[in-house]
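Read-outs: derived from the displayed coordinates by stated rules, not from any lab. Nothing here was measured: the structure is a model prediction, and the numbers come from that model. Neighbour counts are summed over all protein chains in view; Cβ atoms, including those assigned to glycine, are modelled from backbone coordinates with ideal geometry.
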Amino acid sequence: MPGTYRHRQWVNNAAFAVTGFCALLTLGVLFFILGYVTMHGISSLSWNFFTKLPKPVGEPGGGMANAIVGTFKLIGLASVVGLPIGVLGGVYLAEYGKGNTTGFLVRYSADIINGVPSIVMGIFAYTVVVLPMRHFSALAGGVALGIMLIPIAVRSTEEFLRLVPMAIREAALALGLPRWKVILRVVIPTAMKGLLTGVLLDLSRVSGETAPLLFTAFGNRFWSSGWMNPISSLPVMIFTYAVSPYEDWHRQAWAAALVLLMIVLATNVGARVLMRNQVKVVA
Amino acid sequence: METMLESQPETPMTPESAPPPASAPVETSHGIETIKLNTWFGTNHVLKDISMKIKPRQVTAIIGPSGCGKSTFIRCLNRMHEVVPGARMEGQILLDGANIFELDPVLLRRRIGMVFQKAQPFPTMSIFENVAAGLRLNGMRNHNQLADVVEKSLKRAALWDEVKEMLEKPGTGLSGGQQQRLCIARALAVNPAILLMDEPCSALDPIATSKIEELILDLKKNYTIVIVTHNMQQAARVSDETAFFLLGDLIEFGNTKQIFTNPKDKRTEDYITGRFG
Amino acid sequence: MMNTHCEERSDKAICRRLNRSPRSFRSLAMTSGLGDRLFKNLTLLFALSILAIAAAIAWELFKNSALSRHAFGWSFLTRQIWDPVAEDFGALPFIFGTLVSSALALLMAIPLGVGVAIFLAELAPRKVSTACAFLIELLAAIPSVVYGLIGVFVLVPFMRVYVQPFLIKTLGFLPLFRGPAYGVGMLTAAVILAIMIVPFITTISREIFLSVPIALKEAAMALGATHWEVVRLAVLPYSRSGIAGSVFLALGRALGETMAVTMVIGNRPEVMASLLAPGYTMAAVLANEFTEATSDLYVHTLIEIGLVLFAITILVNAVGRLILYKMSPYAEPH
């Protein structure tokens, strides 16, 4: 009978069993994905993979050297575009932007940019860079990724700066330092570890993005020189190879996925380990 | 424990199967006895060898300076102490002769009501739902029965007249004193044998406080009440017996009038006359 | 004098910097005001550029969809036709696909996500809970194209061989489950989306559950409630708006998800009743057809679809942020 103690105990145990099952299921999916990618990718990782260019279909020995270099090039460009704006914007918000309208508008704009789907960001970069230049380029891809970097850089900068206690700022001011030196020479260095970790995590997030590169950087089966040519990248290669009908390309896609996963996991775990020694991690 | 269950005819809840008490039940008196009760938070020895008998159907006040263990003491009585991580308890607590550690804690708490320092009506629930919460948990579904018990409890808590027109409004919309009386009504609805009150008036203004003190004097006709208070005048006003705790020890326990006019222990006298505390 | 300060402080780095402060009053008088103003304006400039970029995105999307907006007007949102050859376009199949796949994904992800959060906040010991929370955040860090890969090579065959035939056999009388078992389809896309958005719901919900005031839970416990009843009476009602906020954020993510969806949804621009049928989403059509678009009108139409997607996700995210901001001014949106 409902309401009897035995029934309520049963409901209690059943409900928590269900939640435990949910947890097992979710973690199971995570480990499955990690395991599956490792299993299928590791056999295709080879010297060729890291050093050779893609070969035409049917020819063995092709690799993704240009995609790997391309990904790093794009991340570098994205950092140049997005980090100064993101970090300095974050500094503004943390030090000058509390409670005033400008601060609110800037924060809200950053949220809007953050909410833009990555493919729409690709459209924006297309209209602003590709159309005027009339061709795909690494620059366009870097711009797309860079803009995506801005809101996450703003937020992580602002959070880590806020973590620096007011007392340190006041102590520095009381010693006669001008405000800007307090920020530049005292606050930022104190928060540096957190800031760097934040930047690292942001970059790793952006390195896995595919959609914004589809019609900006586009792709390249050869080495891309400079910034004005289309450039290959790991995520785009994975997509292209995965939807193709060729076995050999599928295997390479798994290998590339493994490399991407390693990069992402390494930065996430590394960031956590770094932060554990300093402050409580703000998710 | 079975005796305590049988002595509640008015609340028609389905009988629950409780495990048999450790020793034969003595009487349906709802008295509490602690025997050499010791508690720890981690390595911090909070209560030291507390042995006392709390008489049924009267008000027992626990007084003492901050940190003396009074709240910890009453939280042991309904086994809320062990909920805190790192908490440990040794000794015996007998309810009508039954050792509470051999009883299911959830069932035990159903028979003991507790009112906290800060009123905590359940958010998102109406006044009616708040009072009915304990009843619903125990399977009462019939709306008429529920309405009946809710009305009785609110009347017992001296809140009925003020809220009878607005039972559907949220419980959090009431004033502090009303919220506390709501929590008392919620505790009374399940017809507990014993009512524990942990500084129930410390967050209230003097008028609300006096209303609750009147309530306590009225309730003691039917319930055993243990009240923790840092306000000595309050203890003198409402309680029949008073226990004075200091740094985890039970210094003195006896008739309230005698404790306040002619304390036996010098430390009690020092505390009452305000030399520390 | 400054050195004694430094012995007390544990952070030597700060001390080194403090010791470098100028000692002569003259140099202070010359640099302070100017330096402060320059620095503040520099950071302000960069901060304002964020405003400018957000506005520019909206503007460019609007400007570059002009041809399509003038050609089709508002009926663009309700027409079902998608014919690049005849240059006749309607966005309904994509809007439909986006909304249905996201809604279905939410239906699966909310109970799962909240269930995990309850387990981690109420049942698991602290260390396990923190470790698991980190692992679940890893799920959010996996790139979407890797999800797509798993989708194509694991989930789609699994759906085609086991799940879809089973659904057809048992629930095939419903129009929701009719049609051949392709493997790809709306349901498959919803499943992969659900996995991707569960971490958003779980992380935020768990943090809220952990912040429920102990006093509230004790009030329920003192009534003689079982642990689950305490969750039902105190924890869940308290967390209602926070969970709602996390759901909106998860929805915003699902609406814009491109790669994983486009690899498993089947890419057919038709509005179908069956969940087993292939579909198409706004993000997917952009990914697939943008580089193939031959005429200006085609490109403008696709950009208009991007504009619609932009508008919907902005709205959803705004509502979600509003709800979360109400709970705490510096809530952690993902």
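Could you sort C:161-167, B:83-89 so that the peptide with the highest average Cβ count within 10 Å comes first and the rest follow in order? Kindly include the intermediate steps, with their values, before the conclusion.
On the way: C:161-167: 16.1, B:83-89: 13.7.
The peptides rank, most packed first, as C:161-167, B:83-89.
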Which helices of chain B meet both criteria: a Cα extent of 15 Å or more along the helical axis and a mean Kyte-Doolittle score no lower than 0.0, with helices taken as whole DSSP H segments? B:127-137, B:206-219
The exposure ranking of B:His81, A:His135, fewest beta-carbon neighbours within 10 Å first, is A:His135, B:His81
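What is the percent of Cα-Cα separations in chain C that go past 26 Å?
Working: 34834 of 55611 pairs.
Of the Cα pairs, 63 percent sit more than 26 Å apart.
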Kyte-Doolittle mean at least 1.6 and Cα axial length at least 27 Å: DSSP H helices in chain C: C:92-118, C:186-210
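What's the average, rounded to a whole number, of partner chain beta-carbon atoms within 10 Å of each residue's beta-carbon in C:281-291?
That average works out to 4.
Hey, got a sec? Which chymotrypsin sites (Phe, Trp or Tyr not before Pro) in the stretch C:223-264 land in a DSSP loop and have at most 16 other Cβ atoms within 10 Å?
Values: sites: C:Trp228, C:Tyr238, C:Phe248; in loops: none.
Passing sites in the stretch C:223-264 do not exist.
Can you give the extra length, in nm with one decimal, that the chain gains between B:Asp240 and B:Asp148 once fully stretched, where that is 0.36 nm per residue apart less the Cα-Cα distance?
The B:Asp240-B:Asp148 span can extend by a further 29.9 nm.
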Given a 10 angstrom Cα cut-off, can you work out which residue in C:Leu51, C:Leu155, C:Leu38 is the most mobile in a GNM of chain C? C:Leu38
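Placing +1 at every Lys and Arg Cβ and -1 at every Asp and Glu Cβ, with all other atoms neutral, what dipole size does the stretch B:2-272 have around its Cα centre, in debye to the nearest 20? Don't skip to the answer; put the middle values down first.
Values: 30 positive and 32 negative charges, 44 e Å.
With Lys and Arg at +1 and Asp and Glu at -1, about 220 debye.
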Neighbour-count order for B:Cys76, C:Cys132, fewest beta carbons within 10 angstrom listed first: C:Cys132, B:Cys76
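Could you calculate the FRET efficiency of A:Arg272 with C:Ser295 from 1/(1 + (r/R0)^6), where r is the beta carbon distance between them and R0 is 60 Å, rounded to 0.05? Don't skip to the end; give the middle numbers.
On the way: r = 50 Å, r/R0 = 0.83.
The calculated FRET efficiency here is 0.75.
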Just grab the label-to-label distance for A:Tyr108 and A:Val11, each label 7 Å out from Cα along the Cβ direction, in nm (one decimal). 4.5
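In chain A, which helices (entire DSSP H runs) extend 18 Å or more along their own long axis, judged by Cα positions, while averaging at least 0.0 on the Kyte-Doolittle scale? Don't skip to the answer; put the middle values down first.
On the way: long enough: A:5-42 (55 Å, 0.91); A:65-95 (43 Å, 1.48); A:101-115 (21 Å, 0.39); A:138-163 (36 Å, 1.25); A:188-207 (27 Å, 0.92); A:247-276 (43 Å, 0.71).
What comes out of the filter, once short or polar helices are dropped, is A:5-42, A:65-95, A:101-115, A:138-163, A:188-207, A:247-276.
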How far apart, in nm, are the 7 Å Cα→Cβ label points at C:Gln80 and C:Asn41? 6.1
Mind checking which lysines have their C-alpha under 23 Å from A:Lys55, skipping anything on the same chain fewer than 8 residues away? A:Lys73
Using a Gaussian network for chain A with springs between C-alpha atoms less than 10 Å apart, which of these wobbles most: A:Pro60, A:Pro84, A:Pro178? A:Pro178
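Return the FRET efficiency for the residue pair A:Met133, B:Ile35: r is the Cβ-Cβ distance, R0 is 60 Å, and the value is rounded to the nearest 0.05.
Working: r = 88 Å, r/R0 = 1.46.
My answer for the efficiency is 0.10.
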Going fewest to most other Cβ atoms within 10 Å around each Cβ, B:Trp40, C:Trp74, C:Trp82 line up as C:Trp74, B:Trp40, C:Trp82
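Just to check, using Stokes-Einstein with a Kirkwood Rh over alpha carbon pairs, what's the diffusion coefficient of chain B at 10 °C and 1.306 mPa s in µm²/s? Write out the running numbers ahead of the final one.
On the way: Rh = 19.3 Å.
Estimated diffusion coefficient is 82 µm²/s.
Would you mind checking B:Lys169/B:Lys220; B:Lys55/B:Lys152; C:Lys40/C:Lys326; B:Lys48/B:Lys266 for any pair whose Cα atoms are more than 23 angstrom apart?
Details: B:Lys169/B:Lys220 30 Å; B:Lys55/B:Lys152 26 Å; C:Lys40/C:Lys326 29 Å; B:Lys48/B:Lys266 19 Å.
Checking Cα-Cα distances, B:Lys169/B:Lys220; B:Lys55/B:Lys152; C:Lys40/C:Lys326 exceed 23 Å.
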Two-site label geometry, C:Ala71 and C:Leu315: point separation in nm, points 7 Å out along Cα→Cβ: 2.5
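What do you get for trypsin sites (Lys or Arg not before Pro) in the stretch A:177-283 restricted to DSSP loop and a cutoff of at most 16 other Cβ within 10 Å of the site's Cβ? Spell out each step's value before the answer.
Numbers: sites: A:Arg179, A:Lys181, A:Arg185, A:Lys193, A:Arg205, A:Arg221, A:Arg251, A:Arg272, A:Arg276, A:Lys280; in loops: A:Arg221, A:Lys280.
Sparse-neighbourhood loop trypsin sites (Lys or Arg not before Pro): A:Arg221, A:Lys280.
Using a Förster distance of 60 angstrom, determine the FRET efficiency expected from the C-beta separation of B:Arg88 and A:Ala174, and round it to 0.05.
E between B:Arg88 and A:Ala174, to the nearest 0.05, is 0.80.
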Run the reach check for C:Lys63 against aspartates and glutamates, Cα to Cα strictly under 19 Å, same-chain hits fewer than 8 apart removed. What comes back? C:Asp296, C:Glu304
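Averaged across orientations, what area in nm² does the convex hull of the alpha carbons in the protein assembly as shown project?
Working: hull surface 187.7 nm².
Mean projected area for the protein assembly as shown: 46.9 nm², to one decimal.
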